[in-house]
Structures are given as C-alpha cells and as structure tokens.
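Some notes on the structure that comes next.
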Amino acid sequence: MNATEAVTDDCAYAARERTSSAHPGHVLDELVRGRAARVESGRDMKLDKEDHRSLVLWATDCAEHVLPYFEEEYPKDDRPRKAVEAGRAWVRGEIPLSEARAAAFAAHAAARDADQAAARAAARAAGHAAATAHVAGHARHAATYAVTAATYAAAAAATTKERDWQYRHLPKHLRPVAFPARGDS
C-alpha cells in the first residue's frame with residue numbers, strides 16, 4: 001500500500017466512523033490505532049532496497065526448502081527451481097524485474113499443472129518467492145505456501161506410515177479384503 005492508498009484508506013475508515021459512531025471524538029484514536037496496526041503488520045512499512053533484497057532472499061530460501069516436494073514428483077519440470085534462481089539472480093542484479101516476474105508466472109503455471117498437493121504448494125512458494133522481486137508482500141505468501149507444502153508432505157508421509165502399519169498387522173490371508181489394490185506383497 002503506497003502513501004496515497006494509506007491516506008485514502010484512513011480517510012474512508014474515518015468517514016465510516018463519523019457516520020456510524022455514537023462517539024465521534026474517538027475517530028482519531030481509532031484512526032491512529034488502525035494505522036499503527038497496519039505498520040506493525042508490515043502493510044505500511046517502507047522498505048529500502050537492501051530490505052527488499054533481504055525479503056527476496058528469505059522468500060527464495062523458504063521456497064527452496066520445500067522444493068524437493070515438487071522436484072521428486074515432477075523431476076523434469078524445472079519451472080519452480082528456475083523461479084527460485086530468478087529471485088536470487090534479481091537480487092544480484094543479473095536479471096531485470098521482468099525476467100523474475102516471468103519466472104514467477106511460470107512457477108505458478110507449474111503449480112496449476114501439478115496434481116499432488118505438496119508439490120503444488122511448493123511450486124506456488126517458488127512463484128511467490130520470485131514475485132517478491134516485484135512486490136515485497138509476496139514474501140509472506142512464499143512462506144505460507146512453504147508451510148502448506150510441508151504440511152501436506154507430512155500428512156502424506158504419516159498416511160503412508162499408518163497404512164503400512166495396518167497392512168503389516170493384518171493377517172496375511174485377510175489383506176486382500178482390506179487392501180485389494182496392494183496385492184500380497
């Protein structure tokens with residue numbers, strides 16, 4: 001949110017309060033509190049170039065941390081990996097913003113093509129990491145999608161572990177009843 005949008009947002013908030021509040025004297029207090037909350041949450045925080053670059057690097061680290069969930073499922077699709085690399089290349093000044101954005105869009109296309117949840121979320125994390133070069137607010141989305149990817153992967157691993165335990169604890173002759181697709185292995 002730029003300064004003009006922040007002021008417009010503050011003014012709209014104050015106008016709503018003036019027309020709906022029984023205590024118009026509290027409008028300024030509410031306005032200040034609302035602004036302080038936005039600054040604290042990062043919405044109105046002004047970033048210098050170094051902070052912006054640091055956010056891009058953090059976002060790419062978050063995405064790279066979960067990228068194996070995508071790469072294990074889709075080893076021939078390098079779009080999310082290229083997005084992470086593009087974010088870092090932008091920080092080093094090696095590519096223009098337009099290339100980082102193109103890599104972000106490509107990673108999101110890879111996410112749309114993925115049918116496995118952890119892989120899809122990992123690709124989205126990579127897309128948002130590269131997009132952080134354009135808009136710093138994408139960094140939080142990269143981190144959120146990374147958590148989503150890890151959560152899906154953990155759930156899948158826990159499901160597999162539980163099913164294996166169930167299979168091993170069922171008498172062999174009953175396995176085809178409970179697990180018809182698994183056969184007799």
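The values are calculated or read from the model by the stated rules, or taken from the named source; none is laboratory data. Quick caveat: nothing in here was measured; it's all calculated off a predicted structure. Virtual Cβ from ideal backbone geometry, glycine too; neighbours counted across all protein chains shown.
Observations on the model:
- Residue check, Ala136 in a loop (DSSP other than H, G, I, E, B), surrounded by fewer than 21 Cβ atoms within 10 Å (Cβ to Cβ) and among the aliphatic types (A, V, I, L, M): yes
- If the condition is being under 17 Å from Glu72 (Cα atoms), modelled with pLDDT of 95 or more and of a type in the set (S, T, N, Q), then region 119-177 contributes Thr148, Thr151.
Listed here are the residues, each with its yes/no results for (1) in contact with a Cys (Cβ under 8 Å, 6 or more places away or on another chain); (2) at pLDDT below 95; (3) buried (at least 19 other Cβ atoms within 10 Å of the Cβ); (4) of a type in the set (A, V, I, L, M).
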site: Asp44; (1), (2), (3), (4): no, yes, no, no
site: Val66; (1), (2), (3), (4): no, no, yes, yes
site: Ile95; (1), (2), (3), (4): no, no, no, yes
site: Ser98; (1), (2), (3), (4): no, no, no, no
site: Ala103; (1), (2), (3), (4): no, no, yes, yes
site: Ala107; (1), (2), (3), (4): no, no, yes, yes
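- Check on Arg101, among the basic types (Lys, Arg), in contact with a Ser or Thr (Cβ under 6 Å, 6 or more places away or on another chain) and either farther than 16 Å from Val66 by Cα or in a helix (DSSP H, G or I) (or both): no
- On the stretch given as region 123-154, residues that are out of contact with any Cys (no Cβ under 9 Å at 6 or more places or on another chain) and under 12 Å from Tyr69 (Cβ atoms) total 10.
- Set Ala150, Ala111, Ala126: member being assigned to a helix (DSSP H, G or I), farther than 17 Å from Asp61 by Cα and within 19 Å of the chain's Cα centre (by Cα): Ala111
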